[in-house]
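First the structure, in the form of C-alpha cells, and then the observations on it.
No lab work stands behind these numbers, since they all come straight from the coordinates. Given the structure is predicted, the values throughout are model-derived calculations rather than measurements. Positions of Cβ are generated from backbone atoms using ideal geometry, with glycine treated the same way; all protein chains shown enter the neighbour counts.
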Amino acid sequence: MLPANPRSSLALRSVELFEGLSASRLDQLARDCTWHNVAARQPLLLRSLAGGSGSPEPEVYFIVSGSVRIAIYSAAGRQVTFRDHGAGELFGDLAVIDEGPRSADVLALEPSVLASLSRTGFMALLRDEPVVAERMLKRLAALVRHLSDRVIDLSTLPVADRLQAELLRMARAAGVADNRACLKPAPRHAELASRISTNREQVSRELAVLARAGMLQKDAGTLWVTDVARLALQVGEARG
C-alpha cells in the first residue's frame, strides 16, 4: 500500500536501492526527484533517443508502484522482451552512468507511480552513499550474468528448452510454494514468444506439450507451473 502522499520519502523506502538510508537523506531525494503518474501502456523511454552533446540530461527512474516492461523493437516491428520490473526496482541507469543512448524501450504495464532523478543527482548519490554504489555494482554484475545466460540459451537451445527455461525463471520470480508457482495473469503466448525469439504458434504447441505432461495447468486466467522441480531438472539437463 502506498503512503498517503506517494511523493514523500516514505514512498522511496520501497526502492531496494535505498534500503537503510537515513530519513533526512530520503527526504532530500524525494525533493530532488521528479514524480510521474503514468497510465497503462504509456511509453516511458524510447531506444531511439540519442545521448551525447545537446541531448537532455538523462534520468534514472524508480518504480514506486505499478510495473514496466523493458523491450526493443526491430525495424519490422517485432518485439523482443528483456524483462519486466515491478515496485521497488529501477530502470534507465545505463544511460545515466555512461551518458550513451537509451538501450531499450520502456512501457508501463499498468498505472504506475515513478520517481526520476537526474544524472547529476544520481551520480552525487553514488559518491555520497557507498552502500548505494556497491548495490549498483552488484546490480550491473547480475545484469551481465543474466544477459550472458540468455545469449547462451538463445544460441544453443531449441525452442522447447528455451520456453522451459523462461517458464522456470518466471516461476521462481513469482515464488515457489509446495513445488508449484502461480503466474497471474497468465503470460500471453505472444509475450512468451517475444521473450524467447520464436513465434506464437510454436509457443502454443510447446505449452500444450507441457500441459499434457502434467507440468502446466491453466485456470481462469492463471497459469500454474505444477512441478517446478521437474521443470528445473529438465532445464538443467538441456543446458548441460
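Assorted remarks:
- Per residue, the convex hull spanned by the Cα atoms of the chain measures out at 150 cubic angstrom.
- Modelled this way, with points 7 Å down the Cα-to-C-beta line, the labels at Val80 and Arg145 are 2.3 nm from one another.
- 0 to 90° range, to nearest 10: angle between helix 130-156 axis and the chain longest Cα axis: 30
- Segment 144-240: equivalent-ellipsoid semi-axes (sqrt of 5 x gyration tensor eigenvalues, Cα, Å): 19, 16, 13
- Across segment 123-240, the mean sequence separation of Cα contacts (distance under 8 Å, 6 or more residues apart), normalised by length, yields a relative contact order of 26 percent.
- Modelled this way, with points 7 Å down the Cα-to-C-beta line, the labels at Ala229 and Arg127 are 5.4 nm from one another.
- Dipole magnitude of segment 17-151, debye to nearest 20 (Cβ charges: Lys/Arg +1, Asp/Glu -1, about Cα centre): 420
- Reported to the nearest whole Å, the Cα centre-to-centre distance from segment 199-234 to segment 54-115 is 29.
- Per residue, the average separation of C-alpha pairs within less than 8 Å and at least 6 apart gives segment 163-207 a relative contact order of 34 percent.
- Considering only Ala220, Ala171, Ser112, the residue lying farthest towards the positive end of the dipole of the chain is Ala220, judged by Cα position with unit charges set on Cβ.
- Estimated dipole of the chain in Debye, rounded to 20 [Cβ of Lys and Arg +1, of Asp and Glu -1, Cα centre]: 520
- Placing a pseudo-label 7 Å from each Cα along the Cα-to-Cβ vector at Glu99 and Lys138 gives an inter-label distance of 3.0 nm.
- Acute angle (nearest 10 degrees) that the helix 23-32 long axis makes with the longest principal axis of the chain, alpha-carbon atoms: 90
- In segment 9-153, Cα pairs under 8 Å separated by at least six residues give a relative contact order of 31 percent.
- Extension gain from Cys182 to Glu16, taking 0.36 nm per residue of separation minus the Cα-Cα distance: 57.4 nm
- Helix 200-212 vs. the chain, principal-axis angle (Cα, 0 to 90°, nearest 10): 60
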